[in-house]
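Single-structure report; data block below.
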Amino acid sequence: MSPRDLTKTFSRATVAIGITVVALVGLSICLAAEASADHGEAEIRGKQVFDHWCVACHGHGAARPGTDAMRRNGFNPPYLTERSDIAPALTRQVVRHGILFMPWFRKTEISDAQLEDLAAYLATAYQHAANNDTPKHP
Amino acid sequence: MNRREMIAASTVAAATFSLGLGVADAAEFDLVGLPPGVSRDAFQTALARFRAVVGDAWLFTAKADLDLYRDAYSPYRGEAQDRVCSAAVAPDGVEQVRAIARIANELKIPLYPISTGRDLGYGGSAPVLSGSVVLDLKRMNRVLSVDEDHAYAVVEPGVSYMDLYKHIRDSGLRFWVDCPAPGWGGPIGNALDRGVGSTRVDFRNHFESHCGMEVVLANGDLVRTGMGALPKSETWQQYKAGYGPSLDALFCQSNYGIVTKMGFWLMPEPEAYRAGEVLIEGYEDLIPFMRVLNRLENQRIFNGMPGLTSPLFGSPERPIRPSAELMALLQGPQGPDAAGLRAAARRLGTAMWSCRLRFYGPEAVTAAQWQYAKRELASLPGVRFVDDVEHFHFPLSDEQINKLMDPAYFGIPSLDQFDVGLEFAASKDPVIGHIFFTPIIPRTGEAALKANEVLGKAARDLGVPMPPLTIPAFMWERSLIIIIGFPITANADTNRKMREAFLALVKLAAQHGWAEYRTAPAFYDAIMDTYSFNEHAHRRLCETLKDAIDPNGILSAGRYGIWPAHLRTRRPI
């Protein structure tokens, strides 16, 4: 029996999680002006960072804890790459400080330069999601 | 300064860090603290020499950077005892590791090597001794070779399971990598912590499935184990023992060296996987069932990990909240009511237990193995079978992979187990991590039922959020393991209660002859204390080895309860 099996029958502690996530998303909306529409090369590199480090939790699929957490807390769409409120400041904050069950990342994992690329990608990825494409070289 | 004083001093250092009180008069580096027992001059010298080895970008001394080395799931989150480092240094190759070890050994700087640093719940990237310098090996992330003919891979410590999986898949090779539930850790770190996976029995034990390692000792010396000790060896990853004493296990759950390479045997992708379900009617019917199950596994009739659960509470995918009547039958004052549970299972048209048997191999062979297993189990009273509850042929398509609930059963690393964070509810506090109490118990039905009645009940009484029934897992061959999860929250009071409950369960388990296989650093010493046969002969021998192999005691002080001489408070009674 896996740890997940063991805890499936627990009740959910989602209210506090929801408040925290809402607060952070609120922060991101305040800072949304930071998100520029076209990061070009940075976006492309940022997608590589996302695919390497983030997609296992925040992608599409049967068991994606980050996506599941967003969904359970009422965020629609629950995918980071489809949301228009992931400002760079939010990405920097969560990657370096974590949020709830999500841990932070060391600079040997995601360097400062890679974090900026990731932030640029997540700020605009939703536009590509809406167009059903991916960042391309300008 | 003895160990207790050292720890107290490092706790003060940790508190200083958390207050942001830096050292104003640092000559060269803007220090946030010192390693315990190390002078400012010696530390400044060491940092300057570390920087000369790795370059400015890969030596970290700023508080914001060092905070990233804290254990994200620490049961001491936000408290003075939370472990912090005084610096971190990230080499890019074995020669840099050797140079750093030589410097640290000369200047007596405590080093704490980490591989991927993702062993969340077991310490993450934090040192056991606050103030140690973390030796971050994440940049050493090369898959050095994958040998198709001999089915092995050689990797560096920073390689994650996801990296190795991708490398093999991109190479078009048909091998599986047995991986633990969280896939961002790596084969070396996981094997050295004696981690475990989910596929075939001969690959699940990650330390046992390795073959050959390269190790940097505290003085910078370089050792290769097994056949690697032979110059120009052609069989380093093909024959484990080498000649003379087998040294590999010295570097597992210990602090005797820095492992810089390891070979791992890979599982050839099977033709098929099938799983059949055995339904066992009564609570105590688990006892005869386990006897047959063990005989089947010990003959390798099934080679996957059995999965035991109780259909009374639904499936892992669709849990059912048990009724008050069921809970009363399970947790009555005299313990579980076996007759009542059997009657309830009949009334509900289900069974008390279900066990999934998993088979990897050729389609026809797995079909025959399942038929044989059913024949052997058929004599159990009231037993029923469900054929092919899972059945796959390989390779899987991307669409199939995306739909898997437990990809680790197919050698596919993921992070799906972190869904556990959504499901804990110890209190109103948001859950930010977990630790696990995981004692090994005998592989019998009697032990499984006893552990439910002893440990499950005690954990509930101690306020640990528990499922209605404590069911063992079958990860290890020839034994069972109980997994009790403890949520870590942002509330220090809740975390203190969880730590106290954890220690109470450690003591209770030891009274029954059961002990942890692995634990979080906060409990290293408590667990080592339980392995006390012959006046702690095990710990005494570990310390003798420590003193001989690392006489200055610079490597991973306190890891798995092994302390260097200058940090020991006492010899065991």
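Under 20 Å from a label point 7 Å along Cα→Cβ of B:GLU453: give me every residue in the stretch B:285-304 with its amide N that close. Counting only backbone N, you get B:285-291. Residues B:MET498, B:MET405 in ascending order of nearby Cβ atoms (within 10 Å, fewest first): B:MET405, B:MET498.
With contributions of -39500 (n - 2.57) from each DSSP H run of at least four residues, the per-residue ellipticity at 222 nm computed over the protein assembly as shown stands at -10500 deg cm²/dmol. Look at the Cα gyration tensor of the protein assembly as shown: its axes a ≥ b ≥ c give a/c under 1.5, and that counts as rounded.
The fewest-to-most ranking of B:ASP547, B:ASP461 by surrounding Cβ atoms within 10 Å reads B:ASP461, B:ASP547. Once both labels are positioned 7 Å from their Cα atoms along Cα-to-Cβ, the gap between B:ALA504 and B:ASN298 label points is 3.7 nm. Post the alpha-carbon centroid distance, the stretch B:532-567 to the stretch B:372-390, in whole angstrom. After rounding, the separation between the Cα centres reads 49 Å. For the stretch B:509-559, a/c is not less than 1.5, where a ≥ b ≥ c are the root eigenvalues of the C-alpha gyration tensor, and a/b does not top b/c. That puts it in the oblate class. Fewest-first ordering of B:ASP285, B:ASP529 by other beta carbons within 10 Å of each residue's beta carbon gives B:ASP529, B:ASP285. Dipole magnitude for chain B: about 1120 debye, using +1 per Lys or Arg Cβ and -1 per Asp or Glu Cβ, origin at the Cα centre. The stretch B:455-482 and the stretch B:43-98 have Cα centres lying 37 Å from one another. Restricting attention to chain B, close to 85% of DSSP beta bridges with both partner residues there are antiparallel.
Pairs from the list B:LYS166/B:LYS261; B:LYS450/B:LYS507; B:LYS374/B:LYS457; A:LYS47/B:LYS166; A:LYS47/B:LYS63; B:LYS374/B:LYS403 with a Cα-Cα gap above 22 Å: B:LYS374/B:LYS457; A:LYS47/B:LYS63; B:LYS374/B:LYS403. Counting Lys +1, Arg +1, Asp -1, Glu -1, what net charge surrounds B:VAL143 among other residues with beta carbon under 13 Å of its beta carbon? Once all neighbours under 13 Å are counted, the net charge is 0.
Using the Cα gyration tensor of the stretch B:200-242, with a ≥ b ≥ c the square roots of its eigenvalues, what is the shape: rounded (a/c below 1.5), prolate (a/b larger than b/c) or oblate (neither)?
oblate
We did not get these values from a lab; they are worked out from the coordinates using the rules stated. The model shown is predicted, which means the values in this text are computed figures rather than measured ones. Using ideal geometry, Cβ is built from the backbone for each residue, glycine included, and neighbour counts are taken over all protein chains shown.
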